[in-house]
Amino acid sequence: MSESNVNMVQAASEPSPVRPAAVSSTQRGPSTRQIAIVVAILGGGVLFTAMTSDVTKVSEPGVKLTAEGQPFLTDKAGNWTGGELSGLTDEEKKILPEDTMGARRMFKDKDGDQLFCSIVLAGRDVTSIHRPELCLTGQGWSLGKLQVEQIPTLAAKGGVLSVSRLNATRDAKLSDGRTGRANSIFLYWFVGKDRVTPYHWQRIYWTAKDRVLHNTNHRWAYILIHIPVTKNAATGNTGKSEEETMKTVAGFVQDVYPTLVAN
């Protein structure tokens, strides 16, 4: 789930006619459309069964935990220093399953760059985590097309971590009282036991498959990073461009990822 109330400094893309076929007495098989409908119905049935069946086994999380069983979020990653650690908000606790856990911090580097990093860890209930776009649009963000970024990361399998990227904009109050357009980059990915994916659909597929075939529910963790794009021609702000901001947040991912994943 994506986070609300992120307090960050905000500043700143008629077919050709066909002759009717002759009626044939030969019996024809089902059409492609009919097959697709059947497959969709069966697939939906499998997914419904997976999500509602009584699964008795729960996997270990794919992220590190504290002694209290909370997701671990370091206070130091490379040149980045984290602020006060917080958990789920009261609003989130009301709507999420009781065993959902969270950890989040603001981070700042030596150059003054700031970003927000959050982890939401599911319990037994598969509804603890959902598609991040739902919450972001609910917070007033207009989202660009989803992109997948490949970030070289030694601790990741194959040395590369794939993350989903969303460029986002929304109106924000400026320091002089005017309303300006705030630009941000959101990165997110999902971590399960021995599984990492930037795709919400793949997480759902793996969840359904393992619940049905292996009687196992994954305790997925959803990791979200939010960084503002500070360069803004409308306000005259000469901060970092979108490209420069992406490089900055990619560096943070390289630093923080090894501290997040379980050994």
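Given a 1.4 Å probe and the protein chains all in place, what does the accessible area of F107 round to, in Å² to the nearest 10?
Approximately 0 Å² for this residue.
What is the calculated FRET efficiency for D125 to Y199, with r their C-beta to C-beta distance and R₀ = 22 Å, to the nearest 0.05?
Approximately 0.60, to the nearest 0.05.
For E84 and Q114 in one chain, what is 0.36 nm times their gap in residues minus the Cα-Cα distance, to one decimal in nm?
9.4 nm
Accessible area per residue for region 95-211 in Å², computed with a 1.4 Å probe and the full protein assembly in place, what is it?
47 Å²
Report the charge-dipole magnitude of region 137-209 in Debye, nearest 20, computed about the Cα centre from +1 at each Lys and Arg Cβ and -1 at each Asp and Glu Cβ.
Here region 137-209 has a charge dipole of around 160 debye.
First compute the accessible area of region 50-154 with a 1.4 Å probe, then give the percent of it belonging to carbon and sulfur atoms.
Exposed carbon and sulfur together represent 50 percent of the surface.
Please calculate the 1.4 Å probe accessible area of T169, with all protein chains present, and give it to the nearest 10 Å².
40 Å²
Please label the shape of region 86-130 as rounded, prolate or oblate, based on the square roots a ≥ b ≥ c of the eigenvalues of the alpha-carbon gyration tensor (a/c under 1.5 means rounded; beyond that, a/b larger than b/c means prolate, else oblate).
Judged from the Cα gyration tensor, region 86-130 comes out prolate (a/c at least 1.5, a/b above b/c).
List the pairs from K93/K231; K110/K173; K57/K93; K76/K193; K108/K173 whose alpha-carbon separation is above 32 Å, in the order I gave them.
K93/K231
Given an 8 Å cut-off on Cα distances and at least 6 residues of separation, report the relative contact order of region 124-263 as a percent.
Contact order relative to length: 20 percent.
At a threshold of 8 angstrom on Cα-Cα distance, excluding pairs fewer than six apart, so keeping six or more, what relative contact order does region 85-163 reach in percent?
After rounding, I find 19 percent.
By how many nm would the segment from S142 to T238 lengthen if fully extended, with 0.36 nm per residue of separation less the alpha-carbon distance?
Taking S142 through T238 to full extension adds about 32.3 nm, to one decimal.
With an 8 Å Cα cut-off and a minimum separation of 6 or more residues, compute the relative contact order for region 170-234 in percent.
Relative contact order for region 170-234 comes out at 38 percent.
Among 200-211, 68-79, how do they line up by average Cβ neighbours within 10 Å per residue, starting with the highest?
For the peptides 200-211, 68-79, the packing ranking is 200-211, 68-79.
The values are calculated or read from the model by the stated rules, or taken from the named source; none is laboratory data. No experiment lies behind these values; they were computed from the predicted model shown. Cβ: placed from backbone, ideal geometry, glycine included. Neighbour counts: every protein chain shown. Calculation scope for accessible area: heavy atoms of the full protein, side chains included, ligands and nucleic acids excluded. Shrake-Rupley method; radii C 1.70, N 1.55, O 1.52, S 1.80 Å.
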